[in-house]
Each structure stands twice: as structure tokens, then as C-alpha cells.
1. Name the residues whose placed amide hydrogens come within less than 5 Å of the amide hydrogen of Leu90, ignoring near sequence neighbours (fewer than 5 apart) on the same chain.
2. Just to be sure I understand: with springs between alpha-carbon atoms less than 10 Å apart, which residue in Glu122, Glu158, Glu135 has the highest mean-square fluctuation in the Gaussian network model of the chain?
3. Using the beta-carbon distance between Ser147 and Ser97 and R0 = 25 Å, what value does 1/(1 + (r/R0)^6) give for FRET efficiency, to the nearest 0.05?
4. How large, in percent, is the carbon and sulfur part of the accessible surface of the stretch 48-188 at a probe radius of 1.4 Å?
5. Could you please report the charge total around Arg43, scoring K, R as +1 and D, E as -1 over all other residues with beta-carbon less than 15 angstrom from its beta-carbon?
6. Let me have the relative contact order for the chain, percent, based on Cα pairs under 8 Å that are six or more residues apart.
7. Please list the helices of the chain that count as membrane-span-like by this rule: a mean Kyte-Doolittle hydropathy of at least 0.5 together with Cα atoms stretching 30 Å or more along the helix axis, each helix being a complete DSSP H run.
8. Kindly report the accessible area of the chain per residue (heavy atoms of protein chains, probe 1.4 Å, no ligands, DNA or RNA), in Å².
Amino acid sequence: LELLSQPMYVLISARAIAATRQMSVADLLGTLFNWIFVSSLLRRSRRRPGVCLLDQGIFQGLWSVGFGAGRGAVALLAGRLEGRMPTPDLVVVIETSLETVERRLRDRRGRDSRLERRLQDEPGLLALSASLLQETLAVLRGLSERSGHPRLLTVTNERETDLEAAAREIVHYLEQDLGGLAAEIPGS
């Protein structure tokens, strides 16, 4: 649908992602597909009333492009698509230590992501991932400072008991700062 409804955006995105020089053709195709898919989800959610929650969004897509290309790719892609990429109203950043991230990834049953598949064989991969996160957050903060959009909320999820408190904080933010939109979330 995104290809049919936004052909210029898809073409510009494809060129911008190709310019990041992904490590493999699989990374190039995977990140491009993910980028277009997430862009489509964001555009569709804008046309519907209420709250749409995505566990992976456009900024996760930026990080993913960086993961396939390395340092500098996040800023390159964001710069080439500035003003074109759809952005959400709110981005929730979940903070936790690298040690906790590593433990949680190792405890997962599957190896679904590129990071999980490569983690055991590449000792510096988590540090690279954290660096790419900082590049992504810099883009996010820059957009937010220039236009006030998207809003940024940071929560902590270091311990297993933090999850419920973080969820409450997000709902509270939606209720207080976004005009009561959380009332539309079942069970909030």
C-alpha cells in the first residue's frame, strides 16, 4: 500500500537506505521493507481516531538501518528524509543497562533479530548498538526540539518489577499531557 500510495517517498527512502551501504543485500532489503512497512503503519494510524501503539516505529527503523551499516548511517538517512518521514506524536524510550539488555537477549528462546543472531560471536556488538541508539536519540531529540514533535517520554525498565510502573507512567502521560487519549485504551 505504501508503494502505491507514496511512490516518491518509497523511491527516496530506497535511495537513502542504499546510500547507507548496508552490510549485505539481505540487510538492505530487510531494512527497506521494514522502513516502508513502519511508514505505512504510521500513515494509517494518523487517519484513524484514538491511540495507536506500535512496539517498533520509525526510530527503531532508523536504528535498524544503522545496525546494518554502522556509525553515521542514522544521521545520513534522517538527513535525506528530513521532513518526509512520518513521525508519531509520542516516542517512549525505555532505558536499561547494557548488562540487562544482554541478559534479556540471551534468555530469549529464539534468535529472531540480527542482533540476537550475532551477539554471541561479536563481543563489541552491544556497545555498537548502544552507540547507534545514541545517534537515533540525537535525531529524535533534534526533531522534537525544532518542531515540538514527536514528544519524548523516557521510562526505566531495569528490573522485572519496573514494567508495571513504566506502563502506568505511560498511561498517566497519555491522560495528562495528551488530552486524555489514554481513556480510549481498553483497560487503562
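The values are calculated or read from the model by the stated rules, or taken from the named source; none is laboratory data. Values in this document were obtained by computation on a predicted structure and should not be read as measured data. With ideal geometry, Cβ positions are generated from the backbone for all residues, glycine too; neighbour counts draw on all protein chains shown. Protein only, heavy atoms only, side chains kept; ligands, DNA and RNA dropped before computing areas. Shrake-Rupley method; radii C 1.70, N 1.55, O 1.52, S 1.80 Å.
1. When sequence neighbours closer than 5 places are left aside, the close amide H contacts are Arg151.
2. Comparing Glu122, Glu158, Glu135 in the GNM, the peak value goes to Glu122.
3. Rounded to the nearest 0.05, the efficiency is 0.20.
4. Taking all protein chains in place, the stretch 48-188 shows 50 percent carbon and sulfur surface.
5. Details: positive: Arg44, Arg46, Arg47, Arg48, Arg84; negative: Glu2, Asp89.
Cβ neighbours under 15 Å give a net charge of +3.
6. 23 percent
7. On the way: long enough: 25-46 (32 Å, 0.65); 125-147 (33 Å, 0.70).
Flagged H segments are 25-46, 125-147.
8. Per residue, the chain has 60 Å² of solvent-accessible surface.
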